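Reading through the structure tokens given below for one structure.
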Amino acid sequence: MKKITLSGISKSFGGSRALENVDLTFESGKIYGLLGRNGAGKTTLLKILYGILYPSSGRVLSDDKEIRINDNFLGNLFYVGEPDYFPVETSLRKLFSETKYFRPEFDTEYALSLTSLFGLDSSKSLRSLSTGQRTLFKDILALSSGASFIFLDEPILGLDANRRDILYRTILGKYNESPFTIVISTHLIEEISSIVEHVIILHEGRVVRDEPLDSLLASGYSVSGKKDAVRKYISGKSVMGIDALGGFECAYILGARQENGHQDELEFGRLSLQKIFVQMTGSKGGDDK
Amino acid sequence: MELRFEEERPIFLQLAEQLEDGILSGAFPEESQIPSTTEISVRFKMNPATALKGINLLVDDGIIYKKRGLGMFVSEGAVEKLSDKRKEQFFERFVCSMIEEARRLGISESDMIGMIRRGCAS
Amino acid sequence: MKLKPTLRFIMGDISIKIIPLYYLASICLYSALYFTGDTSGLAAPDVFGSLLASSFFLIFVLTAMTANRSLRFLVQVGISRDTIIVANLLRAVILSAAISMADRLLSLYMTFLTGGFSQKYIDPVTEFGVSDSCFPYYLLFEFSLGFGCILFMILLALFCSMIWIRLKLLYKLLFLILSLFIVIIYTDTYYGIDFIAESVGYDPLMTAVVIFVFFFGSALISYILSARRVPVRD
């Protein structure tokens, strides 16, 4: 399987729309960042792909062919939803072997080595783990799954800086060994911005950005200075948003940088992923649950 | 080698510059091997495609070269090439902008030279 | 299809392990009653008598309780709904065969204890006594009826557990009452069928077949339809 495509996927729960006409493609061997605020529809999207939820409308395609989600397709994917989909009273070691039973390509040894790398006790039950440890358990399962498309939903939830660091290195080490597709879904952006190659931004159930990180970062720039000068400069340009601090303003602009004749009073800068994200998703108060 | 990335410039450019610094300072002598993209990717937590892009910048400039099956090595004469390049950059970045500013402030050429001498002496 | 591991997984469920215990306990209980000399509680049951009714409820409760739990795990390891449905149907067939067999054996054991082999076997439709030479066929007849009923119960329980996830409380209650009603009528088919046959004017055997196909088909279809796209509850 070389790519997975979502075509015109919509999903509503009761009356509320969780996803609206989502078109996306995940290609093999790339690291994707699936970004969105809480409630933007990231988890719904992943659950639809993994057959946990069903879309209200739209199609899932594998290598451009429409498919009904079956064992074969799911064998290429791995997604860990809520950890309590597992029998929580079972030990980690047992859960690894259960998983292996259903997924022959699961690497139990690697899973156990990661378990000790992260300082988890494999004889403990899932129930006894803290939030951060459960997150690690999900990550370990996914990285050991041997699947060619791995979906990590909030992979750093509850992890301290040290463990996040080990996790990023582990992901990259594994990825360098044999490139597979990793989709990292998160609302904590700054740390993953050097890891991802392609960025998808979801906002209120819609895809607002879907492009390589480089071109996304190059798609705009920031300009800051005294309010009057900034206002004068940005008139007629496509402005994503403005941060104000007293008489000082910083505007985020889409398009190629035009500095000519303004260097004295204005300062030009590059956009960061975080800034773009905030500008793209900050318009209306999202659901911050 | 310690990498600290800032937001303002693309990461692959910063990586290339940091590697150049390493070569200039002698951390990577000529004909020595530099870390592979995999090592760089894992060590500095960056996408391997980004690491490759940074390294390719140096390959294009002839600072480093690939030995098939062995890895990346610093070219002979890389230090000289780099210091020439940095001198050129020094001229563009500092000297040219200094002269521009001096003209704006009405500082004459001889005054400017005098100031430089004073700076060097202190 | 990863049917084999899926079937193995749901067959290994704790609920399955309770079933042999249930029969073991029954045998012990009846033997104890016999040896204490109290044979009045040992009247061997009819085809749809008290003995089968208790295994009905056992299997209903166990299936309904565990179906959702196994669904969540299977979905998590990447097993598709199609496979899960097929595996559940297969398991239902295997379990029904095993349980109806065990029920028959248990009932034979009780008949043996009370020494009432000969007078017990009366064909419920023709009400003729069953001679010794007919005995094996009669057992087969009883077995297939018991098998069908338990299969129906399991399907109903699976259906319950699936729509349980979707429905609001009021619907759940309504549904529960309705299924209990169906279960009661069905467990008591002997009288139920006679009653219905009289009121519609069909012959009892035909009525029994129609009712059986109707219930069975509706349970099967409802389970498949409900399980096909059921979301997994968090």
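A few remarks follow.
- Under a model in which nothing but the beta-carbon of Lys, Arg (+1) and Asp, Glu (-1) is charged, the range A:220-270 shows a dipole of about 160 debye around its Cα centre.
- Partners for C:Lys4 among lysines (Cα-Cα distance below 23 Å; same-chain residues under 8 apart left out): A:Lys94, A:Lys100, C:Lys17
- Pairwise label distance in nanometres, A:Glu27 with A:Asp121, each label 7 Å out on the Cα-Cβ vector: 4.7 nm
- Accessible area buried, both sides summed, chains B and A with 1.4 Å probe, Å²: 1400 Å²
- Relative intensity of the range A:64-105 on a log10 scale, I(q)/I(0) at q = 0.22, 0.27, 0.32 Å⁻¹, equals -0.86, -1.08, -1.20, per a Debye sum over C-alpha point scatterers of equal strength in the absence of solvent.
- Estimated FRET transfer efficiency (B:Arg86, A:Phe248; beta-carbon r; R0 41 Å; 0.05): 0.75
- Cβ-based net charge around C:Leu90, under 12 Å, with every Lys or Arg adding one and every Asp or Glu removing one: +3
- Over all pairs of different C-alpha atoms in chain A, the reciprocal of the mean inverse distance, the Kirkwood hydrodynamic radius, equals 20.7 Å.
- With Cα atoms, 0 to 90° folded angle of helix A:161-177 axis to chain A main axis: 80 degrees
- Of the whole protein surface, B:Glu20 contributes about 10 Å² of accessible area at a 1.4 Å probe radius.
- Shielding of C:79-86 by partner chains, average beta-carbon count, 10 Å: 4
- Between helix B:11-25 and chain B there is an angle of about 80 degrees, using the helix long axis and the longest principal axis of the Cα atoms.
- The protection proxy used here, the mean number of other Cβ atoms lying within 10 Å of each residue, ranks peptides C:151-163, C:65-77 as follows, highest first: C:151-163, C:65-77.
- Each residue of the range C:61-70 was assigned a 3J(HN,Hα) from its phi angle through the Karplus curve 6.51 cos²θ - 1.76 cosθ + 1.60 (θ = phi - 60°); the sequence is 5, 4, 5, 5, 5, 9, 4, 5, 4, 5 Hz, with glycine and proline shown as x.
- Helix-only CD estimate at 222 nm, as mean residue ellipticity for chain A, using -39500 (n - 2.57) per DSSP H run (n ≥ 4): -9000 deg cm²/dmol
- Calculated [222 nm] ellipticity per residue, helices only, for chain B: -18000 deg cm²/dmol; basis is -39500 (n - 2.57) per DSSP H run with n ≥ 4, divided by all residues, nearest 500.
- A P(r) calculated from all alpha carbon pairs of the range A:126-262, with 5 Å bins opening at zero, reads 2, 8, 15, 16, 13, 12, 11, 8, 8, 5, 2, 1, 0 percent.
- Using R0 = 25 Å, the C-beta based FRET efficiency linking B:Val95 and B:Ala121 works out to 0.85.
- Whichever lysines have a C-alpha closer than 26 Å to that of B:Lys81, once near sequence neighbours (fewer than 8 apart) are set aside: B:Lys53, B:Lys66, B:Lys67
- For residues of A:67-80, the mean tally of beta carbons on other chains within 10 Å: 4
- Projecting the alpha carbon convex hull of the range B:1-92 along each direction and taking the average yields 6.0 nm².
- Straight-line cross-link reach from A:Lys11 at under 28 Å between alpha-carbon atoms covers these lysines, not counting any fewer than eight positions away in the same chain: A:Lys2, A:Lys3, A:Lys30, A:Lys42, A:Lys47, A:Lys65, A:Lys138, A:Lys284, A:Lys289, C:Lys168, C:Lys172.
- 1.4 Å probe accessible area per residue over the range B:11-76, in Å²: 47 Å²
- Inter-chain Cβ neighbour count for A:169-179, averaged per residue, equals 4 (cutoff 10 Å, partner chain atoms only).
- On Cα atoms only, tilt of A:131-144 relative to the major axis of chain A in degrees: 70 degrees
- Carbon plus sulfur fraction of accessible area for the range A:3-215, probe 1.4 Å, in percent: 46 percent
- Loop-resident sites, the range A:152-244, for trypsin sites (Lys or Arg not before Pro), counting at most 15 other Cβ within 10 Å (DSSP): A:Lys237
- In this rough spin-label picture, where each label sits 7 Å from Cα along the Cβ direction, the B:Ile113-A:Asn38 distance is 6.8 nm.
The values are calculated or read from the model by the stated rules, or taken from the named source; none is laboratory data. Note that the structure is predicted; figures quoted are calculated from it, not measured. Don't worry about glycine lacking a Cβ; one is built from the backbone with ideal geometry, like all the others, and counts go over all protein chains shown. Ligands, DNA and RNA are excluded from the accessible area calculation, which covers all protein heavy atoms including side chains. Shrake-Rupley method; radii C 1.70, N 1.55, O 1.52, S 1.80 Å.
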